[in-house]
Amino acid sequence: MEAKQRLNPTTTMTTNKKKKTNQTPENKFQFELNSCSKSKNFRGAISLYDDAVSNKTRLNQHHLNALLYLCSNAVTNPSLKHLALDYGFRIFNHMSSLNITPNEATVATVARLAAANGDGDRAFELVKDIGKYNVSPRLRTYDPALFCFCEFLDADKAYEVEEHMNSVGVSLEEPEIAALLKVSVKKGRADRVYRYLHKLRSGVRCIGESTATIIEEWFQSSEAREVGEENLDARMVREGVLRNGGGWHGLGWVGKGDWVVSKTSVDGDGICCGCGEQLVCVDIDDEEMEKFALSIAALAVEREVKANFSEFQGWLEKHDCYEAIVDGANIGLYQQNFANGGFSINQLDDVVKELYNRSGKKWPLVILHNKRVRGLMENPSSRILVEEWMKNGVLYTTPNGSNDDWYWLYAAIKLRCLLVTNDEMRDHIFELIGSNFFNQWKERHQVHYTFVKGNLKLQMPPSYSLVIQESEKGSWHVPLALGTSNESSRPWLCITRKSADNNVATVSNGVATSGNGDLDQPQKLADNVRSLDSQVIDNNSTSITGKRKERSEPS
């Protein structure tokens, strides 16, 4: 037995040698091509390819894509560029002759080769024709054409690429927006610069140093000095800011004259240390908010008993004065996972009372499942509190078989108010939303809470958003994406006109006045959208949420 066991390794080695000896040409080619790919051995790979063509080795899509990828890498080496381009296009043509269908990776790689050859048109044609291969383009598929046109300052063709990307739902990221911004700056296209600044605001938030350099170049240019409209109607600007959720008006450049660009910081209350302007906590705009509410309602109706959720929608239309929605189950069950734990109605009551006191005596709306309410009603002490809530219009009970998550989320979105919950909204029902502005909405509306030794602390939305902001006066504040543990030390670009105070005219009874006159002074946007954490509210007409319309008390 021992002798037989000692022979086994030899037998195994012999078997492995036979396998290697009996490898097919395709397997041998694949093995050697993998080695070239790992070591990025371009010359070795094209030598393999030439041998495979000579020996009529059967090549597949994977083989040819690997070869194309090595060619696209090699074009960055000046000594190999010409050879890499020659072989790259030859391999792509060979793929076509073999009737091998390219995939998205194939098109992206060949587009990179075309762009490296200075042929942005060919790179763009490749991506426009990708549909005939029954595959969809991605961001990387467009990049070669876009960056090629931008590098050669062919602005119109770069804009055409962007329009094509928009038409198929491919979103720009910071490198692409920065490239379009740069070519627009170089060509003095003020309208496009304005547009791409807002694309950075909505899609990137904090920007990198290289993008900041492009922005500084624009504001220091003669074109930036001359572009803009003086004496804009303050009411129109303010309405634009409120309609858009705060932090931007989107009406174009305000004022004329030199810009002052400086690097500064923003304090914990959102005050710019450079110009003293109040930054705001930015919300999603009116159109997005309405679409958001409709999408939540549609999903809820699909998954809930339609009549139940429709009844809630109708009830909410008649009781739309609430400024805070409370996820009752989340609060009542907080830190109750111990032996005698259950549902803490006292924790929930603390939250209700704190919101009531903060809001100038306005009750919040607590969403709680019917089964939970029935259980509370069985306890005499809890019953008194529940009946008091019902009397004051505090409580909405969701019916049996429902998921109360849909109810509190829809209510908070529809009424544009605060949502008190520690639920980070990451489970399956929230994944269905698939909205890129969901996190932005949460930042502005979600209130977290803690109980430390029985004492409630609400963590209100931040006083300002870490995002590019355009003020009513036309100034800009741009946060830079530099790692820092202290937000007060984060660098910002502060960009103002020297004559900013005179750029926006106030209007009263059709008479325009410039600067800071006494006629119809516009209320600071900060009063509408800044942090709730520092507000002390003493009268019934003041909103803790900065909602953009007044509502009557619930009946």
- Message: Within segment 108-140, take every residue that is part of a helix (DSSP H, G or I) and among the charged types (D, E, K, R) and give me the one that is surrounded by the fewest Cβ atoms within 10 Å (Cβ to Cβ).
- Response: 132
- Message: Going through 361, 353, 371 one at a time, which residue ends up being open to solvent by 10 Å² or more (accessible area, probe 1.4 Å), basic (Lys, Arg), farther than 23 Å from residue 442 by Cβ and part of a loop (DSSP other than H, G, I, E, B)?
- Response: 361
- Query: Which condition number does residue 236 fail, the rest of (1) in contact (Cβ under 8 Å) with a residue 24 or more places away in the chain; (2) over 16 Å from residue 468 (Cα atoms); (3) open to solvent by 30 Å² or more (accessible area, probe 1.4 Å) being met?
  - Reply: (1)
- Query: When you look at residue 293, is it in contact with a helix residue (DSSP H, G or I) (Cβ under 8 Å, 6 or more places away or on another chain) and either part of a helix (DSSP H, G or I) or at pLDDT 90 or above (or both), yes or no?
  - Reply: yes
- Residue check, residue 202 against (1) small (Gly, Ala, Ser); (2) open to solvent by 10 Å² or more (accessible area, probe 1.4 Å); (3) touching a residue at least 40 places away in the same chain (Cβ under 8 Å); (4) on the phi < 0 side of the Ramachandran plot, all met but one. Which one? (3)
- Task: Kindly indicate the residue of segment 205-219 that is free of Cβ contacts under 8 Å to residues at least 60 places away in the same chain and open to solvent by 30 Å² or more (accessible area, probe 1.4 Å) and also nearest to residue 251 (Cα to Cα) among those meeting that condition.
- Result: 217
- Which of the residues belonging to segment 22-42 are exposed (fewer than 12 other Cβ atoms within 10 Å of the Cβ) and over 23 Å from residue 72 (Cβ atoms)? 22, 24
- Message: List the residue pairs whose Cβ atoms are under 8 Å apart, where the first residue sits in segment 88-107 and is under 15 Å from residue 140 (Cα atoms), the second is surrounded by fewer than 16 Cβ atoms within 10 Å (Cβ to Cβ), and the two are 6 or more positions apart or on different chains.
- Response: 103/61; 103/133; 104/136; 106/61; 107/133
- Message: Looking at segment 57-69, I want the residues that are buried (at least 19 other Cβ atoms within 10 Å of the Cβ) and have a partner that is among the acidic types (Asp, Glu) with Cβ atoms under 9 Å, at least 6 apart or on another chain. Which pairs are those?
- Response: 59/26; 63/26
- Message: From the list 195, 238, exactly one residue is over 24 Å from residue 175 (Cα atoms) and not in a loop (DSSP other than H, G, I, E, B). Which is it?
- Response: 238
- Message: List the strands (runs of 3 or more DSSP E) inside segment 434-483, counting only whole elements, that have at least 3 residues being of a type in the set (D, E, K, R) and touching a strand residue (DSSP E or B) at 6+ places or on another chain (Cβ under 9 Å).
- Response: none
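The values are calculated or read from the model by the stated rules, or taken from the named source; none is laboratory data. Being a predicted model, the structure only gives us computed values, none of them experimental. Glycine gets a Cβ as well: all are built from the backbone with ideal geometry, and neighbour counts include every protein chain shown. Areas reflect the complete protein model, heavy atoms only, side chains present, ligands, DNA and RNA absent. Shrake-Rupley method; radii C 1.70, N 1.55, O 1.52, S 1.80 Å.
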